[in-house]
Structure formats: structure tokens, C-alpha cells
Amino acid sequence: MEQPCPCGGLSYGSCCSPLHRGLLQATTAEQLMRSRYAAYALGEVEYLLTTHPSPEPLARRRRALQASLMQVRWRRLEILEVTAGGPDDTTGTVTFAAHYVAADQIGVMRECSRFGREGQCPDGRWLYLEALELS
Ligand SMILES: [Zn+2]
């Protein structure tokens, strides 16, 4: 039986799994956002690390991610707004609401994420750069 994708796609196998496996690259910022959400939901820590550059030591980032993944169960993703981030863009933003359960409490995390292509090259892979202040 096909497993639905945590990001809302019908089938994980044809939605975010090929990105998590490194078989495909995200073609848009929204696709990278969705695949990162699915990675949070499924505990794909390495995918989260490789799609978000950071000067922090990798081992420390990995430990922090693993700790947070154990405390939160991600239940549903809503994409609220997308600016640029298309196949011909090098930057873009995605505003979303991510619904979760933590310590038996339901919650919603809202964020406007900024994405950019690696090296700002038109054919660079999409990366998650930072969270922007929500207006
Ligand atoms: Zn997906």
C-alpha cells in the first residue's frame, strides 16, 4: 500500500522520497520546503542538514535536530504564500503553517522561510537559508 506523503502529496514514493534519497533535486523553493517538512515528519535528519547550510558544527546540529524530532510529531503542512522560487528564479520565500503535537499539546508553527540556490547560480540546488520575520 502506498504511504501518503507527510507534506500532503498522495504518495510518499512519488512525492518527497526521491528528494530524500538524493535521486531528484527540488525544482522550486516550495518543493524544497515541502520535502524539508516531510523530512521533519519522518526523521530524515541528513536531508535536513544538507539542505540548510550553517556555520555551526555538523555534529552539534545533528544532535539538536535529533533531540527536537523526538519531542514533536508533525501532523500537517499548509502552504500560505509563495513568492518567486520558481524554476527560473534564484531566490524565493514560502510562508507556511505547520501543525504539530508536542507534550500532548497541539500547536501551529508559522514561518516565512527564505530559500536561495546554491552559489546564487541559476542551476544551483535549492537551499533553505533562514526564517524571516512574519509581517
Ligand atoms: Zn511530499
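Every read-out reported here was derived from the displayed coordinates using simple, explicitly stated rules and does not represent laboratory data. Worth saying up front: this structure is predicted, and the values here are computed from it rather than measured. All Cβ positions, glycine included, derive from the backbone under ideal geometry; neighbour counts span all protein chains shown.
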task: Count the net charge of all other residues whose Cβ sits under 15 Å from the Cβ of A103, scoring Lys and Arg as +1 and Asp and Glu as -1.
output: +1
- prompt: What nm value, rounded to one decimal, do you get for the distance between T27 and M109 when each label is placed 7 Å out toward the C-beta?
  reply: 2.8
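What is the gain in length, in nm to one decimal, between A102 and Q3 on full extension, counting 0.36 nm per residue of separation less the C-alpha to C-alpha distance?
Stretched fully, the A102-Q3 segment lengthens by 33.3 nm.
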query: Considering the dipole of the chain built from charges on the beta carbon (Lys and Arg +1, Asp and Glu -1) around the Cα centre, which of F96, L134, V72 is farthest to its positive end?
result: V72
- request: State to the nearest 20 debye the size of the charge dipole of the chain about its Cα centre, where the only charges are +1 on K and R beta carbons and -1 on D and E beta carbons.
  value: 460
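For the peptides 48-57, 33-42, what is the packing order when you average, over each peptide's residues, the other Cβ atoms within 10 Å and list the highest mean first?
Order by mean packing, descending: 33-42, 48-57.
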message: Suppose we keep just the alpha-carbon trace of segment 5-135; what are its Rg and Dmax in angstrom?
response: 14.2, 44
field: Estimated distance in nm for a label pair at A131 and T91, the labels positioned 7 Å out from Cα along Cα-to-Cβ
entry: 2.0
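Can you work out the FRET efficiency for the pair R63 and E118, with r the C-beta to C-beta distance and R0 = 22 Å, to the nearest 0.05?
Result of the calculation: an efficiency of 0.30.
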query: Residue-wise, which Karplus ³J(HN,Hα) couplings in Hz belong to segment 65-77, taking 6.51 cos²θ - 1.76 cosθ + 1.60, θ = phi - 60°, and x for glycine or proline?
result: 5, 4, 5, 5, 5, 6, 9, 10, 10, 7, 10, 6, 10
message: What does the extension gain come out to for E81 and E56, with contour length at 0.36 nm per residue minus their alpha carbon separation?
response: 6.1 nm
statement: Placing +1 on each Lys and Arg Cβ and -1 on each Asp and Glu Cβ in the chain, then taking the dipole about the Cα centre, the residue among L49, Q120, A84 whose Cα reaches farthest towards the positive end is L49
query: Which net charge results when you count Lys and Arg as +1 and Asp and Glu as -1 among the other residues whose beta-carbon is under 14 Å from that of E46?
result: +4
- prompt: How high is the relative contact order of segment 12-132, in percent, counting Cα pairs under 8 Å that sit 6 or more residues apart?
  reply: 24
